[in-house]
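The values are calculated or read from the model by the stated rules, or taken from the named source; none is laboratory data. Keep in mind that this is a model prediction, so the values were computed, not measured. We place every Cβ from the backbone using ideal geometry, glycine too, and count neighbours over all the protein chains shown. For accessibility, only protein heavy atoms count, side chains too; no ligands or nucleic acids. Shrake-Rupley method; radii C 1.70, N 1.55, O 1.52, S 1.80 Å.
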Amino acid sequence: MYQAFCEACGEELLFTDQDLNDFQDGDIITCDCCHTDLEIVKTEEGLELHRHVWMTLCPKCGEEFELTDEMLTKSLAQCPHCKYKFALEWEE
């Protein structure tokens with residue numbers, strides 16, 4: 001077994017050798033404890049888990065910005081640059 005820790009809450013997550021083989025860099029998993037999205041980064045020692053940051057582009061001014069948890073929950077964003085509000089659309 002291999003252990004890694006949630007960057008958000010510190011919860012220990014356990015992984016098997018098969019998990020390590022199956023995961024790819026950039027895969028996203030969710031912490032069972034705090035429900036934070038975590039990005040997998042493979043290392044020589046196994047893997048690291050980093051809080052995944054969701055980014056988007058403002059459709060009005062074109063600036064890129066990070067989506068907050070509240071924006072993700074409500075599927076509604078407000079650009080911090082031009083203050084334009086818009087609905088978030090998700091691609092499969």
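Within the full protein context, the accessible area of His50 is estimated at about 60 Å² for a probe radius of 1.4 Å.
Applying the Karplus relation 6.51 cos²θ - 1.76 cosθ + 1.60 with θ = phi - 60° to the stretch 24-32 yields 3J(HN,Hα) values of 10, 3, x, 4, 10, 10, 10, 5, 5 Hz, where x marks Gly and Pro.
Using R0 = 35 Å, the C-beta based FRET efficiency linking Glu11 and Glu91 works out to 0.75.
Using only Cα positions of the chain, each an equal point scatterer, no hydration layer, compute I(q)/I(0) via Debye at q = 0.19, 0.20 Å⁻¹ and quote the log10 values to two decimals. Debye output, listed in q order: -0.89, -0.93.
Given the DSSP H assignment, sum -39500 (n - 2.57) over each helix run of at least 4 residues in the chain and divide by its residue total; what's the result at 222 nm in deg cm²/dmol, nearest 500?
-3000 deg cm²/dmol
Within the chain, what is the longest stretch that has no trypsin sites (Lys or Arg not before Pro) placed in a DSSP loop and near at most 14 other beta-carbon atoms within 10 Å? No qualifying site falls inside 1-59, the longest such stretch. In terms of accessible area, using a 1.4 Å probe and ignoring ligands and nucleic acids, Tyr2, Tyr84 rank largest first as Tyr84, Tyr2.
Quick check: residue separation of Gln78 and Met1 times 0.36 nm, minus the Cα distance between them. What number comes out in nm? Numbers along the way, then the final one.
Values: separation 77, 0.36 × 77 = 27.72 nm, distance 4.25 nm.
So the extension gain works out to 23.5 nm.
Note on Asp22 and Glu44: with the Förster distance fixed at 22 Å, the Cβ-Cβ geometry gives a FRET efficiency of about 0.80. Report the Cα centroid-to-centroid distance between the stretch 1-16 and the stretch 72-88 in angstrom, as an integer. Between the Cα centre of the stretch 1-16 and that of the stretch 72-88, the gap is 32 Å.
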